[in-house]
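Remarks on the structure that follows.
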Amino acid sequence: PYGAAGVITGAAVTVVSYGGFETVVSLSAEANNSKRDVPLAIGLSFGLTTVIYVSVTLAIVYLAPWYSLDEGTGIPGSLEAHDLTIPKHIIIGAIMMASASLVLCTLTTLARGLMVLSEDGLIFKCLSCVAECTKVPIAATVTAAGITIVFTLAFSYEILIHLVSGGALLTFAAVCYCLIVISYTRTTKPVTESSRLIENEVLPSEAESTTSSLDLEETAGYIQHQEWKVVFWMASFWKLLAVAIILFYWPTGWNFWHVRVPLMVLLGLINISILSYIKFNYYIQPQIDPGFVCPGIPFVPAMGITLNLALFSALDLLAHLMTVAYFAVGFVIYFGYGYFHSRITLRKQKEMEINFNNETQEMRME
């Protein structure tokens, strides 16, 4: 009844209900066979969630017309309108258990995320402490519980839903963006099994150079610092995509079909040209025994960026402001602490010190 805009807004809000697969990914290190179990669990969580939502929606529409539903009561209100008292209490209990399950999933994902960030040096090292008896990240779990309690006390349930949905959508878009950037590297050295999300694509003419040459010198198809060139092109793609989405959603006096649609089509063609330029001018890093392979790089991740940003733009202004606010807090933590204490930065500093000492020793010997 609310048209395409209502469908998109509803899809953006219900993203929080699909957060179970993120918990599955965060616990992949504890799976016995992650290559088999994780994709299966993600597929099952997506499928079950979709079936449940569609079934509940059909049941509600059958019980009462959409215009008679109360936003405050929802499903229990529609059941009470038909004197279905026992099913109403069952649904209320199920909603409470679902809310508790959502909180537990959020705690698990946040705690594991804090632990991994702490191990990489991006946040305080104390959060990576693990209990000896249970092997559970105690400090990270307690911190995650404290953050959850503060947000629960400070904001209403509706605001939290929009906040979590907005954060999830932007996070998914960032993951797709990073997948494209890290796929193109300046080195010809194959990556190890720890990097399992990059498409194994090597041109036949470069097969020998990618396996035999392990230095960082410039070779055919592998340009020094080419990942930063990909960052530039993907940033251009992101900006043009954002402009196209704003043209679609932003209220304006421009004629939709005669002005805005042609502009969006033009920007879309430019974005396709950017992706094609990346595809045919930069080569994807080879891998040793890749696990999961993302097909169609950079087009499939770019489609993910487009869909996630489109859904994020359908949220209300408050969700946008709050999402940007806590992303800003994350940037402050990263550039204020993580950038200077990360394992990569410390390793580079150590390598620079070793090189400096070697050069100093050579100069003394001369």
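The values are calculated or read from the model by the stated rules, or taken from the named source; none is laboratory data. It should be emphasised that the depicted structure is a prediction, and the values quoted were computed from it without experimental measurement. Ideal geometry is used to build each Cβ from the backbone, glycine not excepted, and the neighbour counts take in all protein chains shown. Side chains included, ligands, DNA and RNA excluded: accessible areas come from the protein's heavy atoms. Shrake-Rupley method; radii C 1.70, N 1.55, O 1.52, S 1.80 Å.
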Search result, residues across segment 76-86 that are open to solvent by less than 50 Å² (accessible area, probe 1.4 Å) and of a type outside the set (Ser, Thr, Tyr): Pro76, Gly77, Leu79
Residues within segment 313-338 that are more than 30 Å from Gly121 (Cβ to Cβ) and in a helix (DSSP H, G or I), tallied: 6
Output for segment 122-137, where each listed residue is part of a helix (DSSP H, G or I) and exposed (fewer than 15 other Cβ atoms within 10 Å of the Cβ): Lys125, Cys126
Single condition Ala64 does not satisfy, out of (1) open to solvent by 40 Å² or more (accessible area, probe 1.4 Å); (2) among the hydrophobic types (A, V, I, L, M, F, W, C); (3) more than 25 Å from the chain's Cα centre (by Cα); (4) more than 30 Å from Gly146 (Cα to Cα): (1)
Subset tally (residues that are of a type in the set (S, T, N, Q) and assigned to a loop (DSSP other than H, G, I, E, B)) for segment 153-170: 1
Flag if Phe292 is in a loop (DSSP other than H, G, I, E, B), at pLDDT below 80 and at negative phi: yes
Candidate set from segment 29-42 (those that are open to solvent by less than 40 Å² (accessible area, probe 1.4 Å) and of a type in the set (Gly, Ala, Ser)); member that is farthest from the chain's Cα centre (by Cα): Ala31
Count of residues meeting criterion [part of a loop (DSSP other than H, G, I, E, B) and either touching a Ser or Thr at 6+ places or on another chain (Cβ under 7 Å) or modelled with pLDDT under 75 (or both)] in segment 83-121: 2
Ala310 being part of a helix (DSSP H, G or I) and touching a residue at least 24 places away in the same chain (Cβ under 8 Å): yes
Glu208 being at pLDDT below 70, assigned to a helix (DSSP H, G or I) and farther than 26 Å from Thr323 by Cβ: yes
